[in-house]
Every structure is written in C-alpha cells, then in structure tokens.
Amino acid sequence: MARKLEQTIVNHFIEELLEKLIDSSTDSHHYADTMYQLGVEFGHIILNEIKQASTITLACTVEDADYLAKGILDVLERQNNKVFLAVFWNKRFKAGDEYSISVAPIIKEYHESGFNKTNILIILKSIIANSCVVRTNLTRLIEESSPEEILVVAPVLLKGAKENLEREFDQSISKRFRYLYFAEDDEKTKEGIVLPGIGGDVYKRLGFTGQEAKNRFTPSIVKERRYRNYHV
C-alpha cells in the first residue's frame, strides 16, 4: 500500500487533515469539520486556478454538501464569485452479481437556476475510486450545459480513477478535465474501500447509518440556499 501526495499543492496543514480522516478515533463531528477544512483549502487553490470573471457551478453529492462543498463555497463567494450549486442523491449498487460493474443512478437532485450557463464546472466528491458516481452526475450535468473547463475535485483518488473516468466520455468532453486532489492511493478492499483513503465508509464516518439514511437527508446548505433564492 502506497500513498502519493500531490506535492505541488499539499502543505503540512493539509497532511494533518488527511491524517485526521484516516484516524479511526476521529468522531463524526470532527470528521465533518475536517472535510469542511479540506474544502476551504480547495477553495483557495481554485481561486488561484480560475479567471476573475468566471461563472461557476459546483456539483456535489448529498453527503459532501454541508462539508467539502460548503468549504469551497465559503471561500469562492467571499471573493464575490457567482457560484451555482447542484446536489445529487445517488443510490449506488452492483448491476448484477458481486463482480458486476457499479452503477449510481440519481434518485433526486437540487440545482440553482443558471447552473447550466456557467463556464466552469466543479464536480466534487470526497473520494473517487471507480468513478461511477462522478460519471453519472457529470453525464447529467453536461446534458444541459457546455462548460469550458471541468474541475474534478476530491481529497483522495484511487490510482487509475482518472483514466477510468476519461474512458467514459468523448474526447471533446474529457479534454476539458482538470484534476485537483491531495492524495492518490493504490489499494482497496474487496468491498471497494480505498486504503487508507478517507478512513473507511464516508457515510458512516459522517454519522449516517448507511446509504438509505444518507438519501433521506437534506443538507443544511440546500435548505438555506433554497430559502434565500426563493426570497430574493
């Protein structure tokens, strides 16, 4: 098992945050806060990567919305960037026996008016292993939009995930991909958990009892932004 850090952007503070994720003694509250702090770090990096006049859509899964996504949003919007949020509830399962490919159909989604007219799309996931969730959500997004640049963002990737994702799209789409991540791991269990990854099953580490509970949850950031947008 080997972990490769993306040395061009990883500092000592980010290393400490990654260590907190894989520490089994980190409780769900501190785990969530660590994810938020990693989002803040990504936000600062993204600010340096984008043009000043960019319009942005930030897309994430429901479990990442209040933590990773909020960290990025807080940084970008503090600098007066216009950011549209899209959130997806996916149900992931094997399409057949245990050796079949994983699929992750969307069972619910939230998106803000204007998400399909931005020039930068950030697609965010706490960890990218076989890329089925990212593939599904990205396919949905590009059905209605044509961003100039697609930032694929995750604290941790499994080795080979980038290549797997790019094979799922036409080159006219995949050539727009840019990746921002802090660590790349090269091992996973037969259950699909990347080692050391983000310390196990993200649903349980965040305090959900499992996928069904996660999919019944509405993030606070969605409630707040839906209320705010409705009353503008």
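The values are calculated or read from the model by the stated rules, or taken from the named source; none is laboratory data. Being a predicted model, the structure only gives us computed values, none of them experimental. Cβ atoms come from the backbone with ideal geometry, glycine included; neighbour counts cover every protein chain shown.
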So GLY39, is it farther than 20 Å from GLN211 by Cβ, among the small types (Gly, Ala, Ser) and either in contact with a Gly (Cβ under 6 Å, 6 or more places away or on another chain) or surrounded by 19 or more Cβ atoms within 10 Å (Cβ to Cβ) (or both): yes
In the stretch 51-58, is there at least one residue being over 27 Å from LEU195 (Cβ atoms), modelled with pLDDT under 95 and surrounded by 13 or more Cβ atoms within 10 Å (Cβ to Cβ)? yes
So ALA65 clears everything in (1) surrounded by 23 or more Cβ atoms within 10 Å (Cβ to Cβ); (2) in a loop (DSSP other than H, G, I, E, B); (3) of a type in the set (Gly, Ala, Ser) except one condition, right? Which one? (2)
Within the stretch 177-197, restricting to residues that are surrounded by fewer than 18 Cβ atoms within 10 Å (Cβ to Cβ) and in contact with a Lys or Arg (Cβ under 9 Å, 6 or more places away or on another chain), the one that is farthest from LEU17 (Cα to Cα) is PHE177
Looking at the stretch 214-232, which of its residues are among the aliphatic types (A, V, I, L, M) and under 21 Å from TYR36 (Cα atoms)? ILE221, VAL222
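Each row is one residue, and each column tells you yes or no for (1) at pLDDT below 95; (2) in a loop (DSSP other than H, G, I, E, B); (3) surrounded by fewer than 19 Cβ atoms within 10 Å (Cβ to Cβ); (4) on the phi > 0 side of the Ramachandran plot.
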{"site": "LEU76", "(1), (2), (3), (4)": "no, no, no, no"}
{"site": "GLU98", "(1), (2), (3), (4)": "yes, yes, yes, no"}
{"site": "LYS108", "(1), (2), (3), (4)": "no, no, yes, no"}
{"site": "ILE123", "(1), (2), (3), (4)": "no, no, no, no"}
Kindly provide the set of residues from the stretch 217-232 that are modelled with pLDDT under 95 and part of a loop (DSSP other than H, G, I, E, B), ordered by number. HIS231, VAL232
Residue match in the stretch 144-155 (condition: surrounded by fewer than 16 Cβ atoms within 10 Å (Cβ to Cβ), in a helix (DSSP H, G or I) and touching a helix residue (DSSP H, G or I) at 6+ places or on another chain (Cβ under 7 Å)): no
Test set (1) touching a Pro at 6+ places or on another chain (Cβ under 8 Å); (2) without any contact (Cβ under 8 Å) to a residue 60 or more places away in the chain; (3) not basic (Lys, Arg) - VAL75 fails condition number: (1)
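State whether the residues of the stretch 9-24 include one that is in contact with a Gly (Cβ under 8 Å, 6 or more places away or on another chain) and within 15 Å of TYR67 (Cβ to Cβ).
yes
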Is there a residue in the stretch 129-136 that is modelled with pLDDT of 95 or more, touching a Lys or Arg at 6+ places or on another chain (Cβ under 9 Å), among the aliphatic types (A, V, I, L, M) and part of a strand (DSSP E or B)? no
